[in-house]
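Novice: Below you'll find the structure I mean.
The values are calculated or read from the model by the stated rules, or taken from the named source; none is laboratory data. Computed from a predicted model, the values in this text were never measured in an experiment. Every residue, glycine as well, gets a Cβ built from its backbone with ideal geometry; the counts of neighbours run over all protein chains shown. Side chains are part of the model used for accessible areas, which takes the heavy atoms of the whole protein and leaves out ligands, DNA and RNA. Shrake-Rupley method; radii C 1.70, N 1.55, O 1.52, S 1.80 Å.
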Amino acid sequence: MCEAVHALRLRASPATVNAIAQEIGIDQSGASRLIKSATAAGYLVMAASATDGRRREASLTSAGRSMLDQAHRWQEEVFVELTTGWSDKKRRDFQQAMTDLMDRSYEMDA
């Protein structure tokens, strides 16, 4: 859930329930339940949108950012482990190719 909110924010997209549902590929009611759980755990907060008071948007709390930072560090450690023996160039090329694919997938959704 936190990763979805983070990804939407990086793309300057509002982290609404519907946007989060689309980001993780589930229906709105499922996303709503997950957001409620992440909010209860202290990782997210829901607030009225700054641009449209009728809409609510999720944002990361400090605990959510901390948890996400830890997750990203772990992912990097696993990537390094999985690519043991690869040259730095091969790692960079692979990361760039994956980034390009993800960017392309966001363009297809738009």
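Novice: Take Ala50 and decide whether it is under 16 Å from the mean Cα position of the chain (by Cα) and at pLDDT below 95.
Specialist: no
Novice: Name, by its number, the condition in (1) touching an Asp or Glu at 6+ places or on another chain (Cβ under 7 Å); (2) without any contact (Cβ under 8 Å) to a residue 24 or more places away in the chain; (3) open to solvent by 40 Å² or more (accessible area, probe 1.4 Å) that does not hold for Ala21.
Specialist: If we test Ala21 against (1) touching an Asp or Glu at 6+ places or on another chain (Cβ under 7 Å); (2) without any contact (Cβ under 8 Å) to a residue 24 or more places away in the chain; (3) open to solvent by 40 Å² or more (accessible area, probe 1.4 Å), just (3) comes out false.
Novice: Something else about it: Condition first: farther than 16 Å from Glu3 by Cβ, open to solvent by 60 Å² or more (accessible area, probe 1.4 Å), aromatic (Phe, Trp, Tyr) and modelled with pLDDT of 95 or more. Can you find one or more residues in the stretch 69-83 that meet it?
Specialist: Taking the stretch 69-83 first, the residues farther than 16 Å from Glu3 by Cβ are 77, 80-83.
From the residues that got through so far, the ones that are open to solvent by 60 Å² or more (accessible area, probe 1.4 Å) too are 77, 80-82.
Applying the additional criterion that residues be aromatic (Phe, Trp, Tyr) yields none.
No; the residues of the stretch 69-83 include none that is farther than 16 Å from Glu3 by Cβ, open to solvent by 60 Å² or more (accessible area, probe 1.4 Å), aromatic (Phe, Trp, Tyr) and modelled with pLDDT of 95 or more.
Novice: How about the stretch 33-60: which of its residues are in contact with a helix residue (DSSP H, G or I) (Cβ under 9 Å, 6 or more places away or on another chain) and open to solvent by less than 50 Å² (accessible area, probe 1.4 Å)?
Specialist: Ile35, Ala38, Gly42, Leu44, Met46, Glu57, Ala58, Ser59, Leu60
Novice: I'd like the full set of residues that are open to solvent by 70 Å² or more (accessible area, probe 1.4 Å) and among the polar types (S, T, N, Q), limited to the stretch 84-94.
Specialist: Answer for the stretch 84-94, where residues must be open to solvent by 70 Å² or more (accessible area, probe 1.4 Å) and among the polar types (S, T, N, Q): just Thr84.
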